[in-house]
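The values are calculated or read from the model by the stated rules, or taken from the named source; none is laboratory data. These numbers come from a predicted model, not from an experiment. Here the Cβ positions follow ideal geometry from the backbone for every residue, glycine too, while neighbour counts run over all protein chains shown. For the accessible areas, the whole protein counts, side chains as well, though only heavy atoms, and no ligand, DNA or RNA atoms are used. Shrake-Rupley method; radii C 1.70, N 1.55, O 1.52, S 1.80 Å.
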Amino acid sequence: MSDRKKVLVAEDSSVIQNLTKRILQFQNYEITSVRDGQQVIDALQKENYDVILMDINMPKMNGMECSRAIRSLDDKEKSRIPIIAISGNAMNYSEEDFKNAGINEFIQKPIDFDQLVETVQRYT
Amino acid sequence: MDLQHKSREELMKIIEKMRKTSHEPGVALPHPSSEKVGLIFAKVRLSELHQFSWEHLHVEDYNQVIAQLFELQGAHSLSLEDRISGEEKNQWLLHIKHLLTSEEKSLSFTGHYGSLNGMQLTTQTTVDKIGRPQEAVQRICLQIVPVYPWVAAPDHHLENALIHSNLLAVTTDHQGKITFCNTAFLDLTESEAQELLGENLFEELMPVRGEKMDMKKFLHLTAERGFTENIKRTIKTRLGKTVDLNLISIILHNEGQHLKGMTILAEDITEQKKVRKRLHETNLQLSELFNNAYDLIQIFQENGNLLFVNKAWRETLGYQETEIKLLNFFELIHPQYQAPTRSLLQRVREEGRNSKFRTVLVAKDGDAVYVSGSISWKSGSERPAEYRVIFHDISEQVKAERLQRLYNSITSLTMQSSDLDQLYFNIHRELKKVMDANNFYIALADEFKGITFPYFIESHGKYFNHEQDYESEKDLVDYVIASNKAHFLQEEDLLDLVTATVIRPRAVIPQIWLGVPLTVNKRVIGLIAVLNFEKRTALCERDLDMLDFVSGQVALAIERKRNEEKLNEQTSRLNAIFESSSHLIWSVDQQYRFTSFNQNFVRVMQSHYQMAPALGDVYHEDNHRVTNDYLKHFIDKYKRAFEGRSSQFEIEFQLAPEYKIWKQVFINPVLRGDGSIHEVSGIAHDITQRKKSELALLESEEKFRNIFESFQDIYFRCNIDGTITMISPSVKELTDFETSDVIGKNITNYYLYDSRTKNLIRKLVKNTSVRNFEASVIKANGELLQCICNVRLIEHPDRSPEIEGVARDITELKKANQALQKAKDLAEKSLKVKEAFLANMSHEIRTPMNGIISMIDVLAETDLSPQQTDYVETIKTSSETLLSILNDILDLSKIEAGKMKLYPAPASLEQVLKKLYGLFSQKAVTKSIRFTYALSDNLPPYLLLDEVRLLQVLSNLTANALKFTPEKGWVQIKVEDVTDPQSLQKYRAEHTIRIEISDSGIGISQEDQKTLFEKFNQADSSSTKKYEGTGLGLSIAKQLVHLMQGGIGVTSHIGQGSKFWFTLKAKATSTPPAQTTDPLLETLYLTSSPKILLVDDNAINRKVTGEILTNAGCKVTLAESGQEALRLIQQQTYDLVFMDIQMPEMDGIDTTKAMKALKLPVQPPIIAMTAYSMQGDREKFLKAGLDDYISKPIRAKTLIQKVAEITQGKISNFDKPKTQNEKGLRVINLEILKELEKFGGPAIVDASLSDFEIEAEELIETALESLKKSDFADILSKLHTLKGNASTLGVEKVAYRAKSIEADMRQNKTDTLAQDLLSLKQDFLEFKKHVNSTLNPNHNV
């Protein structure tokens, strides 16, 4: 069915990337994986997504920068894609920081799988 | 000749006279009788050397014949020697020999056979050959006729008789001297008797050609000539005149053996001779004339002997002059003309002549010669009567006439012959008239049948006896037809054809074969042939000409006859059609009178209008029932037809009120050759049935059309290549296409083409129909219409198949279905989550309950006031009840969620029973119940079974038994092995164990027994429950027993106690059970001593939770309300707050909000404690600002883990001093992996661990590399990633190590970094080892 929701996973660790991908695929999501922020922007040029899972700690363009870049996209629809941040050290940033960057939700590592699934479902 | 005749008559008279005058006794004169014929049959053999011998000739016969012939009587006999002298005998034999060796059939000669009484016996003998020529033995027939007169009378008698005769008579002695001469002789010789007597007759009077002739010579001559009549002599008269004499008889006078003398009788023929000489001259002239004439001249005697024929005659009839003498006219007449010719001749004799005499003669070669001419009859005294005939040869004319006649007759044969066979016969008959056509056939060449012989006559019946003969003849016919020429073929020509393999060989080749192709309009239809197998000359070129001449007519006749027959057939066929068809056929003339009609017409007229039509009838209103309108209608049509236009119409006849018929009528002009129309034909047939069905069809079609037009779905029909031939109007509504747009287009233009639709045709051909096929139809505006189709292949016997189908719009249906599917998926997923949650909760619930109970026991042992002891006892009872209930609920839900699994391990039944006894003996003692158990001897010492679950079932049943047994009763447990020895063999050491728990309790009614093992059922369901319990125990026991592959049951009677039993299957094992420690008694430690604020309004909970935390090493401050908590938190810094949610006045959420609102410099995480342990709650709490939650009842382990997780995970952020206590950390936290398994099965666990293994190694190696370069930022980054990954997967040791190093680095503590990283690597290697060896088998644990 074409109503499979599309999730863009941005994560430089293949462990987390694959894990996220598998868990969400099991929930019937269509997953596209990228390894850095720049690739997120590139992927968005080509396609639209229902939600973006974003690791904060990424090379080239980190999650915060990337989120800001997304929010400032010309394409209205794409600029409003929900972003869920994933990070091991959430405390480096305040909730305020996330909000300002345009991040809708924050999941802390170690990832609680239930939380992950629940959060993604909530935004799709 | 007249003379001779006359002389003979006279001679007879003399002989008669002599007889009369003879009176000498003993002398009998033979009686001259020309009727007498002697017949002798003989056989003669003729050798090759022409030696001749008699085979059979009886001398006696001969003598007898001669005696009879000459009427010799008495003792007169003839000796053979007498009869035939040597010389004569030789002659005789020569004659016969000649006859036998020649072609001649017979010959005659004269013989002398001695004398009798002076009379010479002379006979004329005719010898006839009988039988075939050239044979060695010949049969001959001798016809012997006596010759007269044989006078042997005394001289004086004779002389007396002759003296006055007109005949010249002279007698001599044996030397020839004249002894007597009569007056006539004297007169002739002009002599006196004296002068002549004594003279030698032969020497003096009858010299031959001037020479003298002696008597012997004369006698010899006589004998040679046979007949004395024929001897002519000249005699000299006294006066020297010569007189011609014809010697008509010589009478010899014998005396015994010696010639005495002879008497010669003669006549004067001098005058005659003169006349004859003249006549001869005349004759010569005439004969020259005759010979030069073209006419056939002949003279013949009355008896038919030919006297004269001319040259033309001879040439025409093909005879030699010498043969003429032997011919007889009557023999020459064609057998068919014998009778008429003879009667004609008779008339000629009466009338004298006939100038229109016609007859047919047969030539020597057998040809018929047609003659006509004049004939005259000459008779007179002078000479014998004769016919003189002059014929013209009219053969050619006759032939021409006959040919003409033949031609005409053949032409007319067609009329005379009733059928083809008759015609053939007649043709043959006519041909036979003109030629030897005894062997005749007609061959017909047919394109299909080849050569056939419709008429074949072979008169011999022996030359066409084999198929081969006919085949050969067919070849010949083929050959001649191909040449298209008349053929005249003789035997050798035919043999050449055989050699050239033109015709096949055959037994006998015809001698002659004549064949002429039959040609009609230059087309060869066959051949006529005549042939002869025996006589080559039977047919000649002329016959071929004749055949050729008539062949055209024969061909025409045959063709005409054949056509006639064909026409007849056709006519009869047409007639048969005319009469036999079910159609009414009639015709009318311009006055509308019937000129013809068939029987059907009559029958229908009679049955419909009760009147029979007649030829010439006019149908008008008065005389029939057809109403005016009908008549007018028909008249109109007739008029049209007379104008040359055909009509066709259907007409309804109302024959009776309820009886209607329909006819289809065709009215056509009957066109004559010149285009004029004198008649009009009508053909009608009944179409009532058709009409009825047509009307019915029309009706049903209308019905169908109505349905079709109001059809909601799209009905379509197309041919096999997809061209749409029919589509319902609904297409407009659904797709916005007009029907006219779509018809004729290809159907593939109107739906989305993909692999599925591609296979449709294949499926269709295979199954002839496809149902519920989903397709996307393209609408006029390009949108897609989701359709479900039923498509069917319509096969036609006579043309290519068609496809029809119905497409239904299911766009809405599809949407609804999708929504439904989604809802269903969601529902199923939620249910699964719920079940999984419950199942997972079991452990979490049981552990704290056990903690509570344990703590209560601990508490009970402390110094308590009696009141406190009482309280503690109450708490303990409640806790146990609660635990039991919880256990039951959780077990059941676990079973139902399919999560309940058995973990078989070696166990001793005896041990199990001991444990059970230990558990329940105290209670039994309390109730004074005799509680015993017994194990049978045959039990295996160790079995593989799940001891915990077995104990659970046993406990349940034992507890029930104790519960329902009044004081001083008994409870007994019996364990035995009931394994069937055979099945034990079969299933390898799998034993069936049966356990019975009997009691002397209150018993259970039959009715209650039925529902005993169902969920939530208790035997006592009254409101005032005497016995406690959830009612789940037996249900759980039943489920567990099922898991153990056993059964469970009860026998009981009210008041007589109960006996519960169950069985289980377990394999025997030799391994003794391991010594296990109670998991519930595990010691829990924390690695640090965080300061914790515990907020709970419930004192027990506060107490229990506080105790657990304190025991785990935490510094606990208790707050019994939200307000208190707020106060405390402002006085002191805490690492963590545990917040009960349900509190009076200020609940946990409000308190949390208030705490957050305080904006403390260090905000500790706040953990909710709630009994709402369901999924949805967690979210609510998190939203309220709570950092985490923990469900009630609080279990020690979970609580401590939570503390460790939060404090140790975040401790650095709070700048908390920490002790690096790694105790309690696991290489891998299986719980987390189990959690992960929920999201994708074991595969996701394996894959993730594998990913981690690879990446972690890389990260660690990279970090070590970076250390050499003192790239701390990179190390930090790697550690950060490793920490997150490891903690997510529950790789706790690695996660913890990474986190510690990261924390140290952030505080710039890098002095131990190298060593720490190596430790990290060590931890990782430990993980690897763990994963590869021990972990995998436990994945599904």
Quiz item: Once Lys and Arg get +1 and Asp and Glu get -1 on their Cβ, which of B:V770, B:S740, B:T723 lies farthest toward the positive end of the dipole of segment B:716-774?
Solution: B:V770
Quiz prompt | Cross-link table B:K1115/B:K1293; A:K6/B:K815; A:K5/B:K829; B:K758/B:K814; B:K703/B:K815, entries beyond 28 Å C-alpha to C-alpha | solution = B:K703/B:K815
Quiz prompt | Other protein chain Cβ atoms within 10 Å, averaged over every residue that makes up B:420-429 | solution = 0
Quiz item: Largest first, how would B:L196, B:L831 line up by accessible area (1.4 Å probe)?
Solution: B:L831, B:L196
Quiz prompt | For B:F218, solvent-accessible area (1.4 Å; no DNA, RNA or ligand), Å² | solution = 0
Quiz item: What residues of segment B:1266-1308 lose no less than 30 Å² of accessible area with every protein chain in place versus their chain by itself (probe 1.4 Å, heavy atoms only)?
Solution: B:H1280, B:T1281, B:N1285, B:S1287, B:T1288
Practice problem: Go through B:K914/B:K1065; B:K779/B:K824; B:K432/B:K561; B:K824/B:K1180 and tell me which ones have a Cα-Cα distance over 28 Å in this structure. | Solution: B:K779/B:K824
Self-check item: Environment charge of B:M855, counting only residues whose C-beta is closer than 9 Å and scoring Lys/Arg +1, Asp/Glu -1
Solution: -1
Quiz item: Which residues, if any, in segment A:30-61 have at least 20 Å² less accessible area in the whole protein complex than in the isolated chain, probe 1.4 Å?
Solution: A:N57
Quiz item: Which lysines have a Cα lying under 16 Å from the Cα of B:K277, excluding residues fewer than 8 positions away in the same chain?
Solution: B:K232
Exercise. Grab the other residues whose beta carbon is less than 9 angstrom from that of A:N62, score K and R as +1, D and E as -1, and report the net.
Key: -2
Practice problem: Give, rounded to the nearest 20 debye, the magnitude of the charge dipole that segment B:749-824 has about its Cα centre when Lys and Arg contribute +1 at Cβ and Asp and Glu contribute -1 at Cβ. | Solution: 420
Self-check item: Exposure ranking of B:V602, B:V275, B:V925, B:V389 by accessible area [1.4 Å probe, largest first]
Solution: B:V925, B:V275, B:V602, B:V389
Exercise. Take the solvent-accessible surface of the protein heavy atoms, probe 1.4 Å, and return the percent of it on segment B:686-811 that carbon and sulfur atoms account for.
Key: 52
Quiz prompt | Alpha-carbon centroid distance for the pair segment B:866-920 / segment A:27-64, whole angstrom | solution = 51
Self-check item: Summed buried accessible area for B+A [probe radius 1.4 Å, Å², rounded to 100]
Solution: 2500
Quiz item: Ignoring ligands, DNA and RNA, what accessible area per residue does segment B:486-531 give at 1.4 Å, in Å²?
Solution: 41
Practice problem: Anything over 19 Å Cα to Cα? Flag those among B:K923/B:K968; A:K21/B:K1328; B:K1091/B:K1283; B:K923/B:K1038, in the order listed. | Solution: A:K21/B:K1328; B:K1091/B:K1283; B:K923/B:K1038
Quiz item: On the accessible surface of chain A, probed at 1.4 Å, how many percent belong to carbon and sulfur atoms?
Solution: 41
Quiz item: If ligands, DNA and RNA are left out, what is the accessible area of A:R68 with a 1.4 Å probe, given in Å² to the nearest 10?
Solution: 120
Quiz item: What order do B:H98, B:H633 take when sorted by accessible area (1.4 Å probe), most exposed first?
Solution: B:H98, B:H633
Exercise. Using only protein heavy atoms and a 1.4 Å probe, report how much of B:T322 is accessible, in Å² to the nearest 10.
Key: 110
Quiz item: Who wins for biggest fluctuation among A:V34, A:V15, A:V51 in a Gaussian network model of chain A, springs between alpha carbons below 10 Å?
Solution: A:V15
